[in-house]
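Derivation of every value follows stated rules applied to the coordinates shown; laboratory data play no part. Not measured: the values here are computed from a predicted model. Cβ atoms come from the backbone with ideal geometry, glycine included; neighbour counts cover every protein chain shown.
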Amino acid sequence: MKGESGVNPEPTWQHEVRAEGDTKTIVLSGEIDINGAAELHTLLQQAVNTASAVNVDVARVTFIDSTVITALVKSHKLARTAGCRFAVVNPDTQVRRVLAVTGVLNALTSDTR
């Protein structure tokens, strides 16, 4: 039964890493929340450490919460420090709205322009 105390919830999101040259695209799908934020941050850190550009494709992401936004912002800052281009690409209406309301849409998507 979902939600039982002491039981890890089933994953609600998936990822795929695509590499083309020195650019990595992390394709995300599903609902990402506090239960997946740390794993997402680790995944993005690994990509930033091994590429000159990282695109986080969120076209198939249907939900994010504040912990995911924090993971994206921290990864963006890490990339800037490392000289790596980092951008969130293809946000759908819901994810775009959440990023806009929290004030990070332009910062996270500006590298794609």
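Counting 0.36 nm for each residue step from Asn49 to Arg18 and taking away their Cα separation leaves a gain of 9.7 nm. First check a/c for the chain, with a ≥ b ≥ c the square roots of the eigenvalues of its C-alpha gyration tensor; if it is under 1.5, answer rounded, and if not, answer prolate when a/b is larger than b/c or oblate otherwise. Note, shape of the chain comes out prolate.
Computed on the chain, with alpha-carbon pairs under 8 angstrom and 6+ residues apart, the relative contact order is 23 percent. What residues of the range 20-39 lie in the reach of a label at Arg97, counting those whose backbone N is under 19 Å from a point 7 Å from the Cα along Cα→Cβ? Label zone hits: 30-33. Considering only beta bridges that DSSP places wholly inside the chain, some 35 percent are antiparallel.
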